[in-house]
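The values are calculated or read from the model by the stated rules, or taken from the named source; none is laboratory data. Worth saying up front: this structure is predicted, and the values here are computed from it rather than measured. Using ideal geometry, Cβ is built from the backbone for each residue, glycine included, and neighbour counts are taken over all protein chains shown. Please note that ligands, DNA and RNA were not included when accessible areas were found on the heavy atoms of the full protein model with its side chains. Shrake-Rupley method; radii C 1.70, N 1.55, O 1.52, S 1.80 Å.
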Amino acid sequence: MSQTLPRPSVFVRNPILVELCGAGFTKAPQSKYYELRFPRITKPFRPSERSYMECLTLRGLRTIALETVGREAHYAEKKLWGKLGDKTVEAQRRELKRQRSIACWEEKLETIDRERSRKRRKLEEDLEMSL
């Protein structure tokens, strides 16, 4: 234990697992790790439901943080989170993300249009049959 920190007065003998929720992740400029912003406990688990050994590892938490802030693991190791990286790489990444988003929305809208056309044709056929 660090000599600068006071000795703990209480140790948890039977730890429990809890589910946390937060407002995102932050990283101090000189830190290697991300922190959960405004963490709050949303669900405590009974020891009979889940053991504390089933918790998320630091590596798993880092992966979630990197996905949340939009960084890839290999890229984040090279650059600090708060600094600007290579603008051409960043611009290419943003453009690729934008293209994927456009393609996804076009596919969704085409699906909706096909469904509406199908319903309209069926309605017209039913109307012709009734006449």
Scan segment 14-46 residue by residue and report those that are surrounded by fewer than 11 Cβ atoms within 10 Å (Cβ to Cβ), within 17 Å of L66 (Cα to Cα) and over 17 Å from the mean Cα position of the chain (by Cα). P29, Q30, K32
Can you tell me which of E67, E54, E49 is acidic (D, E) and surrounded by 12 or more Cβ atoms within 10 Å (Cβ to Cβ)? E67
All-but-one check, A73 against (1) touching a helix residue (DSSP H, G or I) at 6+ places or on another chain (Cβ under 9 Å); (2) modelled with pLDDT of 85 or more; (3) aliphatic (A, V, I, L, M), failing number (2)
Would you check if K32 is under 27 Å from K97 (Cα atoms), of a type in the set (K, R) and touching a residue at least 24 places away in the same chain (Cβ under 8 Å)? no
Tabulated pairs, segment 89-110, first within 19 Å of G70 (Cβ to Cβ), second open to solvent by 70 Å² or more (accessible area, probe 1.4 Å) and of a type in the set (A, V, I, L, M), C-beta under 9 angstrom, 6+ apart or interchain: E90/L84
P8 passes all but one of the listed conditions (1) open to solvent by 90 Å² or more (accessible area, probe 1.4 Å); (2) farther than 26 Å from T68 by Cβ; the exception is number (1)
